[in-house]
Every structure is written in structure tokens, then in C-alpha cells.
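Scroll down for the structure; my scribbles are underneath it.
The values are calculated or read from the model by the stated rules, or taken from the named source; none is laboratory data. Owing to the predicted nature of the structure, the values given are computational and were not obtained by experimental measurement. No Cβ is skipped: glycine too gets one built from the backbone with ideal geometry, and neighbour counts run over all protein chains shown. Heads up: the accessible areas ignore ligands, DNA and RNA and are worked out on the full protein's heavy atoms, side chains in. Shrake-Rupley method; radii C 1.70, N 1.55, O 1.52, S 1.80 Å.
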Amino acid sequence: MSTDSVIAGGRLDGPHHGFEVRSVHMSDALVQPLLDDLERTYLRLYASLLGEEVLREEMAHYSPEEFVAPDGDFVLVLDDGAPVAGGAFRLSVEPELGDPRFSLYPEAERGTDGRTVAPTAELKRIWTHDQHRRRGLARIVLTELEDRAAAAGYSRIYLTTGSRQPEAVGLYLRTGYTALFDTHVVRTDADGPLAFEKWMLPPV
């Protein structure tokens with residue numbers, strides 16, 4: 001089960017709204033605070049539901065090479081050199097969750113596995129330092145990832161978040177993501193991860 005959360009706005013490395021936006025490799029020492037904080041957050045929210053072993057396996061599931069060009073990127077937002085937010089994207093290759101009937105384009109062409117054939121980037125490892133929230137960092141990260149994914153040739157973005165992260169759900173809905181589930185029905189842990197998509201270009 002993916003519990004990737006939320007976060008994150010400009011293209012190109014450099015100053016951005018008073019912050020530095022930098023593309024890094026997942027092995028960069030600056031990434032470790034992000035990964036450590038995400039792991040603590042997931043354990044706090046989901047250990048009673050999934051168990052610590054499953055959550056730690058989730059954190060180690062993806063190879064760092066999935067988050068490098070040309071198919072991916074790992075972005076950090078730095079404040080005076082310290083990481084305060086970040087996130088990544090990779091080529092979406094695994095089965096996707098959610099109900100296509102709720103898609104903005106439910107008739108978009110799909111393969112035999114049910115996945116849309118549109119080039120899709122999957123957002124992962126989205127994070128904001130708990131001491132730097134309510135500073136607009138979540139929108140910065142999301143917009144940065146969207147811009148970079150579009151430049152890499154993706155026309156669609158896909159992501160999931162957990163049932164115990166209503167702040168993430170709210171952020172995605174406010175920033176133009178479409179919930180691939182009925183938002184009028186109360187979601188519970190039994191429903192599993194919540195899937196979202198955002199089309200940057202309509203399907204052809």
C-alpha cells in the first residue's frame with residue numbers, strides 16, 4: 001500500500017519564492033531528512049494498520065534510479081541550504097488504483113491491463129518539514145514536479161495518498177487533481193489508498 005502524501009511551485013533550479021529549488025539524486029545526503037521524516041510520519045499514521053515491516057518495505061521499494069532523467073526527477077526545496085520540502089516523480093509502470101469512471105477523461109484509451117496509454121508520471125515521496133508548513137511549500141513542490149514532468153514529455157500525472165491523510169487529499173483537490181473515487185462517500189482504511197490524476201494535456 002502506498003502512503004505517499006502531499007506537497008508542494010517553477011521550472012529550472014535556482015531561486016523560487018525566496019527558496020532554492022534543486023534537482024538531486026536520491027542518494028544525496030540532503031534527501032535523508034526527507035526520507036527519515038516520511039518514515040516517521042508513515043509509522044505514526046499507519047503502523048497500527050499495516051505494521052512496521054510493511055511500511056519500511058514501502059520506503060525501500062523504489063530504486064533511486066527511477067527518479068533520474070529522462071523518466072524521473074527528485075526535487076528539494078532548500079531554505080538557507082537546509083531541505084524544507086521535496087518530492088519526486090517516476091514513470092508510472094505499476095497497476096494503478098482508482099476508478100476510471102471518475103477520471104476527467106473516462107474514455108481515454110487504455111491498454112489490456114486497464115492502464116491509460118498516455119505517458120504518465122507518478123508522484124512519490126512528497127514531503128514538507130513539519131516546522132515549515134503553511135508557507136506555500138506544498139504548492140511549490142507540486143508545481144515544480146508538474147513542470148518538470150511536462151518537460152519530460154508526460155501528459156498525465158498520477159499519485160496516491162493514504163486514508164489517514166486528509167490534508168493531502170485537500171491539497172490535491174485544491175490544486176486541480178481529480179479524485180479517482182467518489183468524494184461524497186466517507187473513505188475508510190478498508191478502502192485502501194486514494195488515487196488522483198491530473199491531465200496536463202487532453203488525450204488524443
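Just to check I understand the Karplus step: with θ = phi - 60° and J = 6.51 cos²θ - 1.76 cosθ + 1.60, what whole-Hz values come out for the range 167-180, glycine and proline as x? Result, ordered by residue: 5, 5, 4, x, 4, 5, 5, 5, 9, x, 7, 9, 6, 8 Hz. Here the sum of -39500 (n - 2.57) over DSSP H runs of 4 or more residues, divided by the residues of the chain, equals -8000 deg cm²/dmol at 222 nm, to the nearest 500. The distance between label points at residue 102 and residue 80 comes to 4.2 nm (points 7 Å beyond Cα on the Cα→Cβ vector). Taking the alpha carbon gyration tensor of the range 117-191, multiplying each eigenvalue by 5 and rooting it gives semi-axes of 21, 19, 10 Å, largest first.
Counting only heavy atoms of the protein chains, get the accessible area per residue of the chain (1.4 Å probe) and round it to a whole Å² value. Don't skip to the answer; put the middle values down first.
On the way: 9890 Å² over 204 residues.
About 48 Å² of surface per residue is accessible.
What is the Rg over Rh value, at two decimals, for the chain, using alpha-carbon atoms and the Kirkwood definition of Rh?
Working: Rg = 16.1 Å, Rh = 17.1 Å.
So for the chain, dividing Rg by the Kirkwood Rh gives 0.94.
The range 174-204 and the range 48-90 have Cα centres lying 21 Å from one another. Just the protein heavy atoms count here, and of the accessible area of the range 20-199 at 1.4 Å, carbon and sulfur take up 51 percent. The value given for the range 39-111 is a Kirkwood hydrodynamic radius of 15.5 Å, derived from the mean inverse Cα-Cα separation.
Where both residues lie in the range 20-199, what percent of DSSP beta bridges are antiparallel, nearest 5? Could the numbers behind the result be given before it?
On the way: 26 of 29 bridges.
Roughly 90 percent of the DSSP beta bridges within the range 20-199 come out antiparallel.
Using the Cβ-Cβ distance between residue 32 and residue 57 with R0 set to 22 Å, the FRET efficiency from 1/(1 + (r/R0)^6) comes to roughly 0.75.
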